[in-house]
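Read-outs: derived from the displayed coordinates by stated rules, not from any lab. This structure is a prediction, so every number in the text was calculated from the model and none was measured. For neighbour counting, all protein chains shown are included, and Cβ atoms are generated from backbone atoms with ideal geometry for every residue, glycine included.
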Amino acid sequence: MGRIVAGIGSSHVPAAGAAFDQGKQNAPEWKPLFDGYRPAMDWLRDAHVDVAIFIYNDHGSEFFFDKYPTFAMGVAESYAPADEGWGPRPLDPVPGDPGFSWHVAESLIRESEFDMTVCQELSVDHGLLMPLPLLWSHQPQWDIRVVPVAVNVVQHPLPTARRLWKLGQALRKAVESYPRDIRVAVLGTGGLSHQLHGERFGFRNEEWDRSFMERIVSRPEELVDLTHHDYMVQGGAEAVEMIMWLGMRGAMSPEVRLVHQNYYAPMLTGMGLLLLEDTASS
Amino acid sequence: MSESRQDSGTIEGTYVFDGAQSSKGYRLNKFFFSLNRAENRAAYKEDPEALMERFGLSEWEKRKLREKDWLALAREGGANIYFMYKMGSVTGDSLQHIGAAFRGETLEEFLSTRKVKGAR
């Protein structure tokens with residue numbers, strides 16, 4: 001059967017993707033970020049993860065407001081890097097897993113009553129692509145398959161923090177009902193504190209970020225109870241996307257082992273990384 | 001706890017992108033979204049007025065874009081930042097340029113509030 005072996009929370013900052021492509025891994029302004037991912041990449045290699053379920057959001061790359069899905073997921077053979085306005089990143093399309101993805105869609109929609117929009121063509125932007133090559137090798141080819149799960153955290157009304165938590169629980173059920181042996185990591189991307197619009201542009205809150213990273217490990221229910229307004233006040237309006245980390249945590253065993261974490265806040269965004277081991281599978 | 005409707009007036013300097021904003025900004029955001037395509041970026045660089053016209057922007061929207069009045073576009077125009085910042089690919093304005101303008105600062109003034117100015 002399918003097993004969840006790891007949960008990962010990660011920021012998804014586009015500037016870091018550009019820095020990666022420009023080979024700035026050791027530049028002083030970026031080194032604290034990229035170095036922070038290395039222990040996670042090493043641990044994940046040893047954990048032999050087959051598929052990564054990415055709970056992330058699109059940023060005006062694939063989805064427009066003519067039809068804006070609250071929850072969408074990919075069931076494609078592969079996912080091309082999106083053109084976000086500056087040309088697509090120089091990365092190969094990321095392999096998918098149609099068989100597993102359709103199983104997840106069946107389980108989410110029929111068993112758990114999550115009405116997903118199911119996508120056979122989906123380009124992916126920095127919401128998925130920024131952390132991906134920092135966690136799994138992309139050369140000579142991608143060392144991972146992905147299932148993108150896109151969440152509307154852009155156009156209010158948004159799904160609640162609790163709804164993301166329940167989505168995580170439903171994903172666990174889907175993974176564990178898969179008949180084939182498959183090792184799965186679940187990721188929630190986004191945040192941490194940042195505000196990108198209005199006079200409050202540039203708002204950040206390191207204390208809140210660190211408290212969030214601590215509580216999501218041991219007391220996640222406190223974060224599930226918070227409203228979007230709470231997230232926006234504490235972390236900035238765009239930090240509301242932190243609720244996607246709760247999707248990851250909801251998919252994990254109640255007790256988890258903290259494997260690795262990193263935090264770096266040089267510019268606009270508190271950039272967090274959290275790697276958790278599922279204790280039900282160890 | 002159930003989610004109540006967000007009141008965009010309750011966080012200072014913040015314009016929550018809700019239904020009203022999204023309806024108001026629909027054409028503007030569609031125009032920004034078009035910049036995901038290389039041919040539209042080239043078309044804008046060739047003749048910005050023609051591309052704005054093609055997307056049916058109002059006189060107010062066109063004027064605010066010409067003036068780079070990012071704050072008015074977000075606050076009154078319903079522009080979403082994830083869409084609007086794609087303008088940088090054709091005007092050269094970075095997110096930090098746009099952000100400094102939101103705050104009524106120069107780029108240098110804004111960057112002086114950051115820990116690591118090069119991380120962008």
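What is the sum of charges around A:E221, taking Lys and Arg as +1, Asp and Glu as -1, for the other residues whose C-beta is under 13 Å from the C-beta of A:E221? Intermediate results must be reported in sequence, preceding the final value.
On the way: positive: A:R162, A:K166, A:R215, A:R219, A:R249; negative: A:E222, A:D225.
Here the count lands on +3.
Counting only the backbone N, which residues of segment A:39-78 are under 18 Å from the spot 7 Å out from the Cα of B:Y26 toward its beta-carbon?
From segment A:39-78, the list is A:63-70.
Provide the convex hull volume over Cα atoms per residue for segment A:1-115, in Å³. Could the numbers behind the result be given before it?
Numbers: hull volume 16.1 nm³, N = 115.
Given the Cα convex hull of segment A:1-115, per-residue volume reads 140 Å³.
Give me A:M232, B:M84 sorted ascending by neighbouring Cβ count inside 10 Å, so fewest comes first.
The fewest-first ordering by Cβ neighbours comes to A:M232, B:M84.
Using the Cβ atoms and a cut-off under 13 Å, what net charge is assigned to the surroundings of A:F100, where Lys and Arg are +1 and Asp and Glu are -1?
Numbers: positive: A:R3, A:R145, A:R180, A:R183; negative: A:D50, A:E77, A:D97, A:E106, A:E176, A:D181.
Local charge sum for A:F100: -2.
Compute the Cα gyration tensor for segment B:54-100, then decide on rounded, prolate or oblate, letting a ≥ b ≥ c be the square roots of its eigenvalues: rounded whenever a/c is under 1.5, prolate when a/b is larger than b/c in the other cases, and oblate in all that remain.
Working: a/c = 1.70, a/b = 1.40, b/c = 1.21.
Prolate.
Which is farthest toward the positive dipole end of the protein assembly as shown among A:V233, B:G104, A:V153, measuring Cα position about the Cα centre, with Cβ charges +1 (Lys, Arg) and -1 (Asp, Glu)?
Positive-end residue among those listed: B:G104.
Could you work out the local net charge near A:A72, counting Lys and Arg as +1, Asp and Glu as -1, over the other residues with Cβ closer than 11 Å to its Cβ? Before the final figure, lay out each step's value.
Values: positive: A:K67; negative: A:D58, A:E62, A:D115.
Combined, the nearby Lys, Arg, Asp and Glu give -2.
To the nearest 20 debye, what is the magnitude of the charge dipole of the protein assembly as shown about its Cα centre, counting +1 on the Cβ of each Lys and Arg and -1 on the Cβ of each Asp and Glu?
260
Assuming a ≥ b ≥ c are the square roots of the Cα gyration tensor eigenvalues, decide whether segment B:17-91 counts as rounded (a/c under 1.5), prolate (otherwise, with a/b larger than b/c) or oblate.
On the way: a/c = 1.70, a/b = 1.50, b/c = 1.13.
Cα axes put segment B:17-91 in the prolate bin.
Inside 10 Å of the C-beta atoms of B:83-95, what's the mean count of C-beta atoms belonging to other chains?
Counting other chains' Cβ atoms within 10 Å and averaging over B:83-95 gives 3.
What does the average come to when, for each residue of peptide B:54-66, you count the partner chain Cβ atoms lying within 10 Å of its Cβ?
On the way: counts 0, 0, 0, 0, 0, 0, 0, 0, 0, 0, 0, 0, 0.
If you average over the peptide's residues, the count of other-chain Cβ atoms is 0.
Tell me whether segment A:2-278 comes out rounded, prolate or oblate; compute the Cα gyration tensor, take square roots of the eigenvalues as a ≥ b ≥ c, and use a/c under 1.5 as the rounded threshold. Please list the in-between numbers first.
Numbers: a/c = 1.23, a/b = 1.12, b/c = 1.10.
Rounded, since a/c falls under 1.5.
For peptide A:59-68, what's the mean number of Cβ atoms from other chains within 10 Å of each residue's Cβ? The partial results should precede the final answer.
Working: counts 6, 12, 5, 1, 1, 8, 10, 3, 0, 1.
Per residue, the number of nearby Cβ atoms from other chains is 5 on average.
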